[in-house]
Amino acid sequence: MLCAFLLLSQAFAQTSSDAPSYWPDLSDEILSALVSERKEEIATIKEAWRPFIATMASDHVWQERTEEFNRCLSEGTIVSSSEGDGGAYFLYDNNHRPRYVIKPFDEDGLCVNNRKGKASPYRDDTHRVRDAIPLYESFQRELAASHTASLLHIELATPWTIVAIVASDVFFDVGIGNPDKEKLCSVQPFISETIGIGEAVHEWFEAGFETLGIPLPLDQDSFEQVNLLLWATNDCDGHGSNFLLTLHSLEPTYRLIKIDNGLCFPTRNTYLLNYLAYLPNAKVPLSMAIREKIENISTQSILSMLAALGLHDSLDATASRLRVLKALALRPEMTIEEMNHRMELLALPKGEQLALMQCTREELEQLEFEN
């Protein structure tokens, strides 16, 4: 028991460079009480989603994906991933090929069962990775992003997602109280033969693309579609490591894929993070095809989907965001770069008003400064 307390205290101390200094000083009694509360909540959430998972078995596509995953699970091996701050695992099949990515929701950053020095016993408005995204909801947001891609008919922009209750001795439990190795997880297919966009961009810039000022060899349709997904979901985790490239054709051009969607659909339109907006491909106007997709977004379908997944606190922000997105897409001169900049303005007190103003980029930046 003492070892468990020391392990958890050390994890709290390492959570971030500006972590509150009083975390390691919690008494054993207080720490034990907080951990017990979190573990009870984790168990309650898991059981609340068990009927949902059973109900989804009536969906043909969901059923096929679940059955294939379960077959691989029965024969394969789960291995912990060293990448990232959250608890992610790879499921290898019996031929030692990675097939699925499994993410227990209670092992995310600042969750109590995080194994990577990013644990926390708290669940409040203060101790969060992003202040507008509650903890212990990443699986819902992963699922919501996947459903959004389907609703927008851009399914290839991100891996499909299901949720499952998976038991494995490999899963991490902090060790205080009764351990629970049966966990509620998001499950996604592992995408093979990919490269990270950061590595590719470095090589392209080394080859002179940046100096020439020409677009990178990315499939522009997929580039636009991934940007649309980021705007529609207000992704707060769109840094370079969360984009993968697959070879699209023999030219060659590369198709873009967004992964790790657990920090999307915030309760406020804040902290939109989009690495893609700084690439040369973002400097061209939105295509007619993507404008039509935006025009045809069914806001009500997305809001109903979020409500069905229990993300009620994200409804108002999503409705506001989609309203602005639709209005801006009507402007024929709108580039991807400027669209992203205006969507970022929604984080400001008068963000919606600023984002929709008819003015130049320079005038808009002056108004931002004044606000």
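The criterion of at least 2 residues that are modelled with pLDDT of 95 or more and among the acidic types (Asp, Glu) is met by the following helices (runs of 4 or more DSSP H) wholly inside the range 186-279: 220-233. Within the range 149-187, being in contact (Cβ under 8 Å) with a residue 12 or more places away in the chain and of a type in the set (Asp, Glu) holds for Asp169, Asp173, Asp180, Glu182.
Screening Ser80 with (1) surrounded by fewer than 21 Cβ atoms within 10 Å (Cβ to Cβ); (2) in contact with a Leu (Cβ under 8 Å, 6 or more places away or on another chain) gives one miss only, at (2). The lone criterion from (1) within 25 Å of Arg50 (Cα to Cα); (2) among the charged types (D, E, K, R); (3) surrounded by 17 or more Cβ atoms within 10 Å (Cβ to Cβ) left unmet by Lys293 is number (1). For the range 84-108, a residue qualifies if it is out of contact with any strand residue (DSSP E or B) (no Cβ under 7 Å at 6 or more places or on another chain) and in contact (Cβ under 8 Å) with a residue 60 or more places away in the chain, and the qualifying residues are Gly84, Arg97, Glu107, Asp108.
Quick grid of which residues meet (1) surrounded by fewer than 16 Cβ atoms within 10 Å (Cβ to Cβ); (2) under 27 Å from Ala329 (Cα atoms); (3) of a type in the set (S, T, N, Q):
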{"residue": "Gly198", "(1), (2), (3)": "yes, no, no"}
{"residue": "Glu203", "(1), (2), (3)": "yes, no, no"}
{"residue": "Glu224", "(1), (2), (3)": "no, yes, no"}
{"residue": "Asn234", "(1), (2), (3)": "no, yes, yes"}
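Scanning the range 199-210 for residues that are touching a Phe, Trp or Tyr at 6+ places or on another chain (Cβ under 8 Å) and farther than 23 Å from Pro285 by Cβ yields a single hit, Ala200.
Only one of these is over 23 Å from the mean Cα position of the chain (by Cα) and free of Cβ contacts under 8 Å to residues at least 60 places away in the same chain: Ser36, Ser58. Name it.
Details: Ser36 fails: free of Cβ contacts under 8 Å to residues at least 60 places away in the same chain.
Answer to the selection: Ser58.
The values are calculated or read from the model by the stated rules, or taken from the named source; none is laboratory data. What you see is a predicted model, and the numbers here were worked out from it, not measured in a lab. All Cβ positions, even for glycine, are placed from backbone atoms using ideal geometry, and neighbour counts span all protein chains on display.
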